Structures are given as C-alpha cells and as structure tokens.
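The structure appears below as structure tokens.
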Amino acid sequence: MKMKNIFFALAMIATFTAFAQNGKIAILSPSDFNQKIKTEKGIILDVRTPGEFKKGHLKGARLLDIFSDAFETEINKMDKNTTYYVYCQSGGRSGEATELMHKKGFKVVYDLDGGFGRWKSQNLPFEQ
C-alpha cells in the first residue's frame, strides 16, 4: 500500500471516529436526501446566495447565505439537537457549513452530495 493511501485511510478513520463521538455528518445522494427529508423531521438549510435561492430551492428550505456576515451568528442560535439538511449549488459551501456545524456540536447534519445542481439534474422537486 502506498504511503498516500495509508495516510488517506488513517485520516478517514480519524474523521469517522470524531463524527461517531460528537454527532454525525452524512453526505447523501439526492435520492437519499429526498427520502430523508420526507421521513425524518428536520430543517432544510440552503447556504447559497439570495440570487441563487430565487432561481430555485427545495420546498420549505430556509436561506442562510454562508457568505453573509451573520452566518455564524445565526448558526450559533440554532438548536444543536435538531436534524439539519444542508445544501448549496454543488457541495462545496454545504461541506464547509456542515463542518462548522459539526465543530459547534450539532448532533445530526445531512449534506446533499452534488448540491442543488445534482438535485435538479435528477428531476427531483423544487420550487421557485
């Protein structure tokens, strides 16, 4: 096994161990994310910009722009025991948001793999 592969495996083990101890972040495919929001109560967070949100968003989503100066303040006000479903356009910003939430002690956070772009490409429902 190459050293890079060993390092990657150790990093993944450490990451999953930390998540198991302090709550969990799961990256879900659009179909799995859609199923979860239908069956498990939680808050859907769209961390894109207001302009992106206006072009289309998941039904019931709350806009919380990650680039806003108030983003972290708003995160700090949220209930850490509530389940959160987080997405952005392609997965980068939601990854940052879910990592921040994890560090702040949120218990259950789901991240939409591929973001809203992948959601739309799979013809899943959204509103404008």
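With 20 Å as the limit, write out which pairs from 59/103; 55/107; 24/104; 36/77; 24/54 have Cα-Cα distances beyond it, or answer none.
Details: 59/103 27 Å; 55/107 31 Å; 24/104 12 Å; 36/77 24 Å; 24/54 30 Å.
As for pairs spanning more than 20 Å Cα to Cα, those are 59/103; 55/107; 36/77; 24/54.
In terms of the ratio Rg/(2.2 N^0.38 Å) built on C-alpha atoms, what value belongs to region 42-106?
For region 42-106, the normalised Cα radius of gyration comes out at 1.02.
Excluding residues fewer than 8 places away in the same chain, name every one of the aspartates and glutamates whose C-alpha is closer than 17 Å to that of residue 41.
The qualifying aspartates and glutamates are 32, 79, 111.
Testing the spin-label approximation: label points 7 Å from Cα along Cα→Cβ at residue 127 and residue 70. State their distance in nm.
2.1 nm
Bear in mind that the values in this text are calculations on the coordinates, not laboratory data. None of the values given here were measured: they were computed from a predicted structure. Note: ideal-geometry Cβ built from the backbone for every residue, glycine included; neighbour counts use all protein chains shown.
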